[in-house]
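K.L.:
Could you have a look at this structure, given as structure tokens, before my questions?
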Amino acid sequence: MRYYHFTRLAPGRWDPTHRYRTLEPDQSLYWRGVFARASYDAEYRRARRLLGSPRTDDVALLAAIAGRDYLLACMRELLFESVRAEIAPGMPSRSTCLFLVEEGSDLDAWARRFGFENSRRAILQIEALDGGTAFRGRAADLDTGPIAADISEAAVRYWQGAPAASPADDVEVLYQGPFRIVGVEREAQGAALELDGRGFAEIFAARDDRSGQTQPAVDSSQAPC
């Protein structure tokens with residue numbers, strides 16, 4: 001099965017014959033990013049844009065809006081993970097998986113849903129390999145308010161899986177395990193991000209393709225995926 005993956009990372013020196021692997025038990029780059037200070041800073045900038053002048057000088061209001069949105073995202077992920085551990089423990093965790101979208105999806109629509117500019121992300125073509133686990137969840141279930149009970153109910157629906165008839169543009173795939181990079185659908189515009197000189201292929205290289213070397217740590221403040 002083939003999918004697409006959005007990333008701020010440079011594709012790196014990828015090879016379609018090589019095996020790559022998700023980073024478990026390490027936390028995913030996405031998960032680290034949710035809790036990073038950089039995410040709060042991004043919410044603060046977004047609040048400034050939404051309020052506009054002259055209210056952008058109201059530091060207390062900006063901090064309250066940014067803090068609310070930042071903490072809601074953190075709480076949502078923690079509650080979704082708690083529900084997964086209870087009702088779907090065999091499914092990939094949002095804290096360690098690689099997020100994918102299915103072939104046939106509207107990639108521009110997914111970029112808007114993920115909340116970033118499509119042109120700033122490379123889009124990789126990913127092929128799942130035997131031994132991997134893929135979970136199809138409805139992305140709409142993540143659109144929650146701030147009430148914990150409502151988030152938990154949405155998480156239960158999410159971990160029941162997306163119905164077979166769900167449109168591709170509402171299905172996100174959580175993948176854990178080995179995969180191949182089979183192509184680059186779209187290059188990112190502007191400077192591509194590297195972490196310690198490594199692109200996507202180097203970071204996700206399977207251990208057996210790196211002669212048993214231990215996966216180096218990734219700076220969570222720069223989490224790109």
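K.L.:
If I go through the stretch 101-136 residue by residue, how many of them are within 13 Å of the chain's Cα centre (by Cα) and over 22 Å from GLU194 (Cβ atoms)?
P.N.:
Counting residues in the stretch 101-136 that are within 13 Å of the chain's Cα centre (by Cα) and over 22 Å from GLU194 (Cβ atoms) gives 4.
K.L.:
Please enumerate the residues belonging to the stretch 28-47 that are of a type in the set (D, E, K, R) and buried (at least 17 other Cβ atoms within 10 Å of the Cβ).
P.N.:
Taking the stretch 28-47 as the starting set, the residues that turn out to be of a type in the set (D, E, K, R) are 32, 37, 41, 43, 45-46.
Those that are of a type in the set (D, E, K, R) and buried (at least 17 other Cβ atoms within 10 Å of the Cβ): ARG32, GLU43.
K.L.:
Which condition number does ALA38 fail, the rest of (1) closer than 22 Å to TRP159 by Cβ; (2) in a helix (DSSP H, G or I) being met?
P.N.:
Condition not satisfied by ALA38: (1).
K.L.:
Further, regarding this structure: Within the stretch 18-33, work out how many residues are in a loop (DSSP other than H, G, I, E, B) and not hydroxyl-bearing (Ser, Thr, Tyr).
P.N.:
Going through the stretch 18-33, the residues in a loop (DSSP other than H, G, I, E, B) turn out to be 18-19, 22-28.
Imposing the further condition that a residue be not hydroxyl-bearing (Ser, Thr, Tyr) reduces the set to 18-19, 23-27.
Going through the stretch 18-33 one residue at a time, the tally reaches 7.
K.L.:
What is the number of the single condition among (1) in a loop (DSSP other than H, G, I, E, B); (2) free of Cβ contacts under 8 Å to residues at least 12 places away in the same chain that ARG13 does not meet?
P.N.:
Here ARG13 meets the rest and fails (2).
K.L.:
Got a sec? Which of ARG48, ARG32, ARG19, ARG37 is closer than 19 Å to ALA206 by Cα, at pLDDT 90 or above and out of contact with any Cys (no Cβ under 6 Å at 6 or more places or on another chain)? Quick ask: steps written out before the conclusion?
P.N.:
On the way: ARG48 fails: closer than 19 Å to ALA206 by Cα; ARG32 fails: closer than 19 Å to ALA206 by Cα; ARG37 fails: closer than 19 Å to ALA206 by Cα.
Every option except ARG19 fails the conditions.
K.L.:
Starting from the stretch 157-186, take each residue that is free of Cβ contacts under 8 Å to residues at least 24 places away in the same chain and part of a helix (DSSP H, G or I) and list its partners that are surrounded by 15 or more Cβ atoms within 10 Å (Cβ to Cβ) and not polar (S, T, N, Q), counting only C-beta distances under 8 angstrom and pairs at least six apart or across chains.
P.N.:
That search, which allows pairs on different chains as well, returns ARG157/ARG138; ARG157/ASP141.
K.L.:
Pick from the stretch 102-136 the residues that are modelled with pLDDT of 95 or more and under 17 Å from SER28 (Cβ atoms): which of them is surrounded by the fewest Cβ atoms within 10 Å (Cβ to Cβ)?
P.N.:
THR133
K.L.:
If you don't mind, another one. When you scan the stretch 100-115, how many residues do you find that are touching a residue at least 60 places away in the same chain (Cβ under 8 Å), closer than 21 Å to ALA42 by Cα and either in a loop (DSSP other than H, G, I, E, B) or not small (Gly, Ala, Ser) (or both)?
P.N.:
Counting residues in the stretch 100-115 that are touching a residue at least 60 places away in the same chain (Cβ under 8 Å), closer than 21 Å to ALA42 by Cα and either in a loop (DSSP other than H, G, I, E, B) or not small (Gly, Ala, Ser) (or both) gives 2.
K.L.:
Sticking with this structure for a sec: Considering the stretch 1-16 alone, what residues qualify as being among the aromatic types (Phe, Trp, Tyr) and within 11 Å of GLN125 (Cα to Cα)? Steps first, answer last, please.
P.N.:
Applying the first criterion (among the aromatic types (Phe, Trp, Tyr)) to the stretch 1-16 yields 3-4, 6, 14.
Within the stretch 1-16, TYR3, TYR4, PHE6 qualify.
K.L.:
So GLY52 clears everything in (1) crowded, with 17+ Cβ neighbours inside 10 Å; (2) on the phi > 0 side of the Ramachandran plot except one condition, right? Which one?
P.N.:
All conditions pass for GLY52, except number (1).
K.L.:
Here is a follow-up. Pick from the stretch 1-41 the residues that are farther than 17 Å from GLY115 by Cα and hydrophobic (A, V, I, L, M, F, W, C): which of them is nearest to the chain's Cα centre (by Cα)?
P.N.:
LEU23
The values are calculated or read from the model by the stated rules, or taken from the named source; none is laboratory data. What you see is a predicted model, and the numbers here were worked out from it, not measured in a lab. No Cβ is skipped: glycine too gets one built from the backbone with ideal geometry, and neighbour counts run over all protein chains shown.
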